[in-house]
Amino acid sequence: MRRFRTLGEIWPAEAGRALCLALLLCLGAAPAFADDGPASFAPLVKKVLPAVVSIAVTEPVSTSEALDALPPALRGTPFEKQFRDQLRRRPEKATDAGAGFIIDASGIIVTNNHVVGMARDIEVSLADGTSLAAKVIGADELTDIAVLKVTPAHPLPAVTWGDSGAAEVGDWVIAAGNPFGLANSITAGIISARGRDIETGPFDDFLQIDAPVNPGNSGGPIFNMRGRVIGINTAIVSPSGGSVGIAFAIPSSEARGVVNELLAHGHIDRGWLGVGLEDLPENGQASGVAVTQVIHQGPAAQSGVRTGDVILSVNGQPVYNTQGLIRAVAAIPPGQRARLTLFRDGRAMQIVVVVGHRPPARAD
């Protein structure tokens with residue numbers, strides 16, 4: 001059965017080592033173009049690879065996981081209790097979690113939130129073999145983006161953002177990362193599709209690529225042929241756990257703004273209405289999203305929005321589906337007013353809502 005999965009979800013560390021023989025197309029080639037495509041990616045790789053990092057994390061483990069580590073020889077002996085007590089005092093595990101890329105020479109690194117979200121300690125390995133402790137300075141679960149900071153002894157090589165909006169289906173790209181713990185790996189392919197919604201959240205708008213991407217590539221960059229970052233690896237389709245040539249990247253048009261907000265504030269403040277939503281059946285209606293639930297004492301409830309209303313527009317901009325409505329409201333700073341145009345009892349009307357703060361893990 002096909003399943004969309006984040007790259008970290010499908011690769012436990014202990015299984016990853018056993019899979020190290022999974023071959024990855026490590027092309028050493030860049031934009032010297034022949035008639036049928038690039039002759040070599042090597043110049044491009046030399047330019048960008050120094051700014052790509054590998055990320056290892058130490059995570060807490062559950063008590064049950066810790067007790068599973070009890071050696072059989074100690075079971076039923078006087079040493080069993082001592083061993084169990086030691087595990088409970090220091091339950092942790094180390095994992096080659098993923099990859100990232102340096103966007104500022106002072107040591108600012110971008111990766112996926114799912115790579116570092118549960119980490120107690122984070123270690124970043126640079127392309128030259130240097131290892132540095134890192135800390136999270138900001139993370140956003142909804143877009144799966146995190147920003148790290150290391151303190152280097154000297155300025156680090158950095159890469160710049162590119163324009164994912166200018167990328168077209170069929171364009172060459174290269175992906176960099178740490179697949180199966182194989183640091184500094186490069187793969188190449190093309191953009192297969194744009195604007196993919198794989199139903200991981202309301203902000204899905206992924207680039208689909210066919211460059212081989214595997215567990216450990218999470219948080220690694222997607223480069224265009226100018227050596228600029230146009231995407232961040234985040235998920236794959238994988239019946240087997242390895243690459244089948246369908247991978248998804250957060251486009252730079254979205255990631256860049258999130259990263260800037262995280263650098264400034266450490267978190268993202270998004271607007272929230274406090275309603276349940278449902279797309280209307282395709283019946284020729286130009287726009288509108290049905291309200292299926294109004295959360296008690298939420299912003300919408302306090303402004304008079306009712307179950308059964310159809311929201312037609314936000315601040316004069318039509319909304320066509322739940323994702324569009326959620327995005328429109330999320331873009332409004334909490335505390336500001338939003339003008340909703342509703343359809344109720346056979347007529348259109350307007351209601352002004354004071355937008356609230358979006359709680360964690362909300363989808364509406």
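The values are calculated or read from the model by the stated rules, or taken from the named source; none is laboratory data. Remember, predicted model here, so these are calculated numbers, not experimental data. Ideal geometry is used to build each Cβ from the backbone, glycine not excepted, and the neighbour counts take in all protein chains shown.
Overview of results
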item: Out of 310, 314, sole residue that is touching a helix residue (DSSP H, G or I) at 6+ places or on another chain (Cβ under 6 Å) and without any contact (Cβ under 8 Å) to a residue 40 or more places away in the chain; result: 314
item: Residue that is modelled with pLDDT under 95, surrounded by 22 or more Cβ atoms within 10 Å (Cβ to Cβ) and among the aliphatic types (A, V, I, L, M), where the choices are 222, 246, 268, 236; result: 236
item: Pairs where the first residue, in segment 91-108, is modelled with pLDDT under 65 and the second is among the polar types (S, T, N, Q) and in a strand (DSSP E or B), C-beta under 6 Å, 6+ apart; result: 92/58; 94/58
item: Scan of segment 182-207 for residues that are over 20 Å from residue 144 (Cβ atoms) and either within 16 Å of the chain's Cα centre (by Cα) or surrounded by fewer than 17 Cβ atoms within 10 Å (Cβ to Cβ) (or both), ordered by number; result: 190
item: Residue 241 over 22 Å from residue 125 (Cα atoms), surrounded by fewer than 22 Cβ atoms within 10 Å (Cβ to Cβ), at pLDDT below 85 and assigned by TED's automatic domain parsing to the domain that holds residue 122; result: yes
item: Residue in segment 246-254 that is closer than 30 Å to residue 175 by Cβ and part of a loop (DSSP other than H, G, I, E, B) present; result: yes
item: All strands (runs of 3 or more DSSP E) inside segment 266-340 with 1 or more residues being of a type outside the set (D, E, K, R) and over 29 Å from the mean Cα position of the chain (by Cα); result: 289-294, 310-314
item: Residue ID - farthest from residue 267 (Cα to Cα), chosen from residues in segment 304-357 that are of a type in the set (Gly, Ala, Ser) and surrounded by fewer than 18 Cβ atoms within 10 Å (Cβ to Cβ); result: 346
item: Residue 173, sole failed condition from (1) farther than 30 Å from residue 271 by Cβ; (2) in contact with a Gly (Cβ under 6 Å, 6 or more places away or on another chain); (3) part of a strand (DSSP E or B); (4) among the aliphatic types (A, V, I, L, M); result: (2)
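So that you can scan it fast, the table gives a plain yes or no per residue for (1) over 15 Å from residue 51 (Cα atoms); (2) buried (at least 17 other Cβ atoms within 10 Å of the Cβ); (3) among the charged types (D, E, K, R):
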| position | (1), (2), (3) |
| --- | --- |
| 106 | no, no, no |
| 109 | no, yes, no |
| 115 | yes, yes, no |
| 121 | yes, no, yes |
| 129 | no, no, no |
| 135 | yes, no, yes |
| 139 | yes, yes, no |
| 144 | yes, yes, yes |
| 149 | no, yes, yes |
